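Participant: Below is the structure I would like to discuss, written out as structure tokens.
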Amino acid sequence: MTSEFSVHMDEYLPLRDVVFNTLRQAILKGELKPGERLMEIALAERLGVSRTPIREAMRKLELEGLVVMIPRRGAQVANITEKDLNDVLEVRIALENMAIEKACQNMTEDSMSKLWVAAKAFERTTAEGDLVKMAEADVAFHEIIYQASDNRRLIQVLNNLREQIYRYRVEYLKEEETRNLLVREHEEMTRAIRERDVKNAQRIAYQHIENQRMGIIRSIQTEKESHT
């Protein structure tokens, strides 16, 4: 296990939650790779904890679909298949449409300004080339739209769906052509929402997610080929 990650203690959280959050982020950011075995003893030693919080974290990660338990082999990071991806994005586009419709109705001038600033912040990160920063700036842009929906459950489900494919989105951002496309799509979406043009904003969001789907499928296929 050569991945570089460590536990970050949080005085407000129980140890089991700190361990869970640490392992979850390591999986989502690709520091623990799909298919990688998760050895309780090695992880406990690395994070400087006992095996009990590691075991508890594994159970929660399994419920989230990020870890699978293989008979006689133990836990490993779950692979994401094209079917998984299509299922996630099919649900996401339906919910994103709802979020955009509500954002077009509710968005204040202050939120509109924040959305434009977030679009420009994403553009700046593409010039820097830090993939994790880019992914986080992309998340921040969409989060403003989600928050404007003013529906806590909708925001929660959308964020959960987005995180399930986070590790592949980082791969997707490696291509310069992809980054330039995302910059344009963010600007177009911001303009459509500013004009309260629900249909156009939803059309752009659909294309945005469809481009992402195709890019991630290429990434999954490349990963599959590298293991054969």
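The values are calculated or read from the model by the stated rules, or taken from the named source; none is laboratory data. Predicted model only: the values in this text are computed from it and were never measured. As a convention, Cβ positions derive from the backbone with ideal geometry for all residues, glycine included, and neighbour counts pool all protein chains shown. To get the accessible areas, we keep the full protein, side chains included, count just its heavy atoms, and leave off ligands, DNA and RNA. Shrake-Rupley method; radii C 1.70, N 1.55, O 1.52, S 1.80 Å.
Participant: With all protein chains present and a 1.4 Å probe, how do 19, 139 order by accessible area, largest first?
Facilitator: 139, 19
Participant: Next up: Tell me, what is the FRET efficiency for residue 90 and residue 191 to the nearest 0.05, using R0 = 22 angstrom and their Cβ-Cβ distance as r?
Facilitator: Taking R0 as 22 Å, the efficiency between residue 90 and residue 191 is 0.25.
Participant: Which FRET efficiency value, to the nearest 0.05, do you get for residue 52 and residue 111 by plugging their Cβ-Cβ distance into 1/(1 + (r/R0)^6) with R0 = 41 Å?
Facilitator: 0.40
Participant: While we're looking at this one, here's another question. Per DSSP H run of at least 4 residues, take -39500 (n - 2.57); add these up for the chain, divide by its residues and hand me the 222 nm value, nearest 500 deg cm²/dmol.
Facilitator: Helix contribution divided over all residues of the chain: -24500 deg cm²/dmol.
Participant: With charges only on Cβ, +1 for K and R and -1 for D and E, what is the dipole size of the chain about its Cα centre, in debye, rounded to 20?
Facilitator: 540 debye
Participant: How far is the Cα center of region 11-34 from the Cα center of region 98-143, in Å?
Facilitator: 25 Å
Participant: Angle check, please: helix 131-148 long axis (alpha carbons) against the longest principal axis of the chain (alpha carbons), in degrees 0 to 90, nearest 10.
Facilitator: Between helix and principal axis, roughly 60 degrees.
Participant: Which order do 92, 72, 179 take by accessible area at a 1.4 Å probe, largest first?
Facilitator: Sorted by accessible area, descending: 72, 179, 92.
Participant: At a Förster radius of 45 Å, what calculated FRET efficiency corresponds to the Cβ-Cβ distance of residue 152 and residue 177, to the nearest 0.05?
Facilitator: 0.80
Participant: As a test of reading the structure, rank 185, 45, 62, 82 by solvent-accessible area (1.4 Å probe, protein chains only), most first.
Facilitator: Listed by decreasing accessible area, they come as 45, 62, 82, 185.
Participant: Treat each spin label as a single point 7 Å out from the Cα along the C-beta direction, and report the residue 17 to residue 221 distance in nm.
Facilitator: Output for this residue pair reads 4.3 nm.
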